[in-house]
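A.B. asks: Sharing a structure here in structure tokens format.
Read the figures in this text as sums done on the coordinates, not as results from a lab. Being a predicted model, the structure only gives us computed values, none of them experimental. Glycine also receives a Cβ, built like all others from the backbone with ideal geometry; neighbour counts cover every protein chain displayed.
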Amino acid sequence: MSWVVVTMALGGLGLLLLGMNMMTEGLKSAAGNKLHVVLERSTQTRLRALMTGFGITALVQSSSAVIVATLGFTNAGMLRLKQAAWVVFGSNVGTTMTAWIVALIGLKIRVEIIALPLIGIGMLLKLFFKNSRAAHIGVALAGFGVLFLGLGMLRDGFIDAAEWIPIERLGTTGWYGIILGVIAGALLTALIQSSSAALAIILTASVTGVLTPLLGASLVIGANLGTTATSLLASIGATTNARRLALVHVTEKAFTGTIALILLVPLWWISNWLAGGDGRTNISTGLALFHTLFNLLGILLMWFLADHLLRRVERWIKQPELTSERPRYLDDTVLSMPAMGVPAMHSEIKRVFKQLLARGRKVLDDGAEPAPEADVNTSVLLDAIAEFSNKLGAQGGMDEYSESFINLNWAREECVELRELFHDLQDTPKADVEAALTPELREAFMRLLRTGELKQMDEVQRGEAMSHVKTLRKARRNELLAEIRSGAISAPEATRRLHVIALFEESAKRVMRITDVIYPTA
């Protein structure tokens, strides 16, 4: 084994990964926070979601980036599980574009002809346009050029690899070798965290004669299985729906991989026939076709089985009993983009708000509807939201979401104060509450504690509701003063009752302020 070969192969792999990373980051920065808008508008049907996943992945050349982003949007509650699943299925097909670039361009021509101009143009855009969108596009172009340079070095490094890599022998050991090939492809992809890079290595190795056709096909199957490692890693500590999506991804790949292994010979024959080769002449094109057929087979299977799979996954991974120590929407997967993090924070504060409203209703009426989640420690959850907010604010790129972000932090502080007010009311003797409130005041307060009614009120109706509370409070105050003058109650007793009314009125004010943020009117 020559160290020159080893260093060239390592350098080529490094450039390949660097180029892919530059492309992904450049395009993501150029798009800004528009990715979530695309996902929301183009995932209404499974066909549209499928095409969205395909298109975005074909553009950014990283199924891992798209899948991780989709996990984040699912975490934030912006995509339903079914929508997200079809984006992932489309992403699987989109990643086949890398194999076609390698097979039809990267291994057929002198890569310098494409790579060097792309790097030059890209870095000039970066130099002259600084932090503009054109600069980010320049980084993506330069990354594309670096990717091609890496392909060239990998190809050169594998030219003599057949002499010292015994992997070809696996192809002569029948199904045992095929299974080992699947395992090797999965491990390679899991280690370098990129199915696109793994496929580039497999295709370049096939051209230089290291791989037999069936062994190359088994490595392609393994690479497709190995790409699930990224979604599994991203789902660690994530919310239930994100973990469900990761399991859907793994199950789909495993099932498709099993069917592809059973049909390995006919699938390769079709791929080779479409490539117009004899198994060796156009092996790289044949493997690119095999990779495409594999993922199209996955789409075909899921078209009929996806709904059944989703129902099974929902039974396997159940929604846990949610407590304040386990936020429903907040985790690290939604921190990468404000487009995910801000809506996730909004959803979590809304969850706390609903719980607080239920506590307020219980103070007024023991028979009121129960809280949406029993025994939630809102103080711990509010602390978790504050910690998440600090992390999100440190990410940068908040310009488009700065107003929403500030309003949500303000609403969180209001929730903290509202919690304290309701604690005071819960500690107030029931007799004092009963004596303080007239039936009209009780109903006016209760109206402002019902989630359904709050959501339906517009700005004018909310103002009228608060004015009505103030009018009733003044009337009750006058009644209590009259009772003091008549000797019906003592001054300290009237003061206690006025204090109860003041707590309710202050609670109502904070409820309305939070409502303006959580349920904004048009």
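A.B. asks: Are there GluC sites (Glu not before Pro) in the range 468-514 that DSSP marks as loop and that have at most 12 other Cβ atoms within 10 Å, and which are they? Don't skip to the answer; put the middle values down first.
C.D. replies: Details: sites: Glu479, Glu483, Glu493, Glu505, Glu506; in loops: none.
Passing sites in the range 468-514 do not exist.
A.B. asks: Give me the Kirkwood hydrodynamic radius of the range 397-501, using the inverse of the mean 1/r over all pairs of distinct Cα atoms, in Å to one decimal.
C.D. replies: 16.3
A.B. asks: Tell me, in nm to one decimal, what length is gained between Thr521 and Arg496 on full extension, where the rule is 0.36 nm per residue of separation less the Cα-Cα distance?
C.D. replies: 5.3 nm
A.B. asks: Next question, about the same structure. Stretch Ile179-Glu400 to full length: gain in nm at 0.36 nm per residue minus the Cα-Cα span?
C.D. replies: The span from Ile179 to Glu400 would gain 74.6 nm if fully extended.
A.B. asks: Which of Arg326, Arg244 has the fewest other C-beta atoms within 10 Å, and how do the rest follow up to the most?
C.D. replies: By the 10 Å Cβ count, ascending, the order reads Arg326, Arg244.
A.B. asks: Of Lys391/Lys509; Lys82/Lys350; Lys318/Lys350; Lys391/Lys455, which pairs sit farther than 27 Å apart, going by alpha carbon to alpha carbon?
C.D. replies: From Lys391/Lys509; Lys82/Lys350; Lys318/Lys350; Lys391/Lys455, over 27 Å: Lys391/Lys509; Lys391/Lys455.
A.B. asks: Then there's this: Give me the one-decimal nm value for the distance between modelled label points at Arg133 and Arg450, 7 Å along each residue's Cα-to-Cβ direction.
C.D. replies: Computed distance between label sites Arg133 and Arg450 equals 4.7 nm.
A.B. asks: How far apart, in nanometres, would the label points at Thr258 and Arg485 be if each is projected 7 angstrom from Cα along the Cα-to-Cβ direction?
C.D. replies: Label-label distance for Thr258 and Arg485, simple model: 8.5 nm.
A.B. asks: So what's the projected area for the range 335-407, the Cα convex hull averaged over all directions, in nm²?
C.D. replies: Values: hull surface 21.4 nm².
Quarter of the Cα hull surface area: 5.4 nm².
A.B. asks: Could you estimate the translational diffusion coefficient of the range 332-518 from the Stokes-Einstein equation, with Rh from the Kirkwood formula over C-alpha pairs, at 37 °C and 0.692 mPa s, in whole µm²/s?
C.D. replies: After rounding, the answer is 183 µm²/s.
A.B. asks: Mean separation of Cα pairs under 8 Å and 6+ residues apart, divided by the residue count of the range 365-509: what relative contact order is that in percent?
C.D. replies: Over the range 365-509, the number comes to 30 percent.
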